[in-house]
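To start, the structure itself, in structure tokens.
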Amino acid sequence: MKTLEHQPEVTFLCDEEGRLLLASSGEWRVALLSQVIPVLDRRLRNLSGQSLRWDVSGISSIDSAGMVLIEYHLNRLAERGNTVEVTGASAEQQKLYEMVASYTAATSEAPRKRQSRFLRPFARLGESVATFLRDIGAFLSFVGEDFIVLVLLLLQPWKFRYRAIIKNIQDAGVRALPIITLTSFLIGVVIAYQGAVQLQKFGANVFVVDMIGISVTRELAPLITAIVVAGRTGSSYTAQIGVMKITQEIDAMRIMGFEPHRFLVLPRVIAVMIALPLMIFFADIIGIAGGMLVANLHLNISMTEFIHRLQGVLDVKHVWIGVFKGPFFAWLIAMTGCFRGFQVSRDTESIGRYTTISVVNAIFLVIACDALFSVILTELGI
């Protein structure tokens, strides 16, 4: 039987005397400290000349690693001129602290090696690379867990949350149609205007139809639609799951035996994978309509002539290629949004940070995936 572990937490409040209060709770053991370490580093890094109170009465259990972490930050705060009062420590915690403090006092006599300013950029680069590699490993683990849950659900299809999928299709697809309509129409207008200026020089006005039809259906409509969905839907997934993690709803789901991937991740991923190809096809129509309007007004190409020319130059494969990219873009967007949502820590500041990271990652992955499609399809002659 799996035992429930109380994750270590630290909450930043203000006590009755106006001092900054650090309220610690949970189990501060070595296996569980990975979530609270970045919170302490980020919030205590720039404090100087302040009066603080650290309440440890809520800590249910603590080992030497947890006590070393507390002792380390107490020393750093003292070095920067902060006054820290520790309250709520039990007798056992006090003995453990004295033992850790005596050892660190003996070992801290060695002079600290100052890092060269010349080496700092390389150190930051190394830290960035290490963080990047850790994120890749965590993302692959997240994808593997999601795949296992999906396989188990395929063996029991009646356990799919169909209502949640339909609701997410409405949120990610139907409600995004106004912004998709506007962006697609403007893209068609821009392409037609820019192409018309160049084609008029050679008296080849009619070729603007070829440019609009192929570029919109094959590349621009899928890419622009995916970027809009990444900014709109991917960020909302990160924020929604992040808030649920802060309010401990995800922990409550696990306690009650509900698998978060089944209830939170898969309905969102499946919904976006269904909605995005349909939105791309819709964007194709709107983008071509915008280009046709400009061609009519600026190049005097009638709509009948435009449609007749479009039927001759636009192969169905270009439309299918654009639509085919949709599920791949959707999977990257939804998985990135959900993955970053689960990475949100126990403070509200991290929601904004991981939401921003989610959007940037999703847009980058979409563009990289589109470039990969372009290379592969060109090599295949499609």
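The values are calculated or read from the model by the stated rules, or taken from the named source; none is laboratory data. As the structure is a prediction and not an experimental result, all values here were calculated from the model. Glycine also receives a Cβ, built like all others from the backbone with ideal geometry; neighbour counts cover every protein chain displayed. In case anyone asks, the SASA skips ligands and DNA or RNA and just uses the protein heavy atoms, side chains included. Shrake-Rupley method; radii C 1.70, N 1.55, O 1.52, S 1.80 Å.
Things to note:
- The share of alpha-carbon pairs in the chain lying farther apart than 29 Å comes to 58%.
- Kyte-Doolittle at least 0.0, axis length at least 30 Å by Cα - qualifying DSSP helices, the chain: 120-155, 177-200, 266-298, 316-342, 349-380
- Surface analysis of the stretch 178-320 yields an accessible area of 46 Å² per residue, using protein heavy atoms and a 1.4 Å probe.
- Spherically averaged projected area of the stretch 11-67 from its Cα convex hull (nm²): 4.2
- Its Cα gyration tensor gives the stretch 242-302 an equivalent ellipsoid. The semi-axes, each the square root of 5 times an eigenvalue, are 48, 12, 4 Å from largest down.
- Cβ-derived FRET efficiency at R0 45 Å, THR304 paired with SER128, nearest 0.05: 0.20
- The chain: most fluctuating residue of PHE122, PHE185, PHE142 per GNM, C-alpha cutoff 10 Å: PHE122
- Equivalent ellipsoid dimensions for the stretch 125-227 as semi-axes, Å, which come from the Cα gyration tensor, largest first: 42, 24, 13
- Ligands, DNA and RNA left out, the accessible area of the stretch 141-262 computed with a 1.4 Å probe is 69% carbon and sulfur.
- Dividing the helix sum by the residues of the chain, where each DSSP H run of 4 or more adds -39500 (n - 2.57), gives a mean residue ellipticity at 222 nm of -22500 deg cm²/dmol.
- Loop-resident sites, the stretch 28-80, for trypsin sites (Lys or Arg not before Pro), counting at most 14 other Cβ within 10 Å (DSSP): ARG45, ARG80
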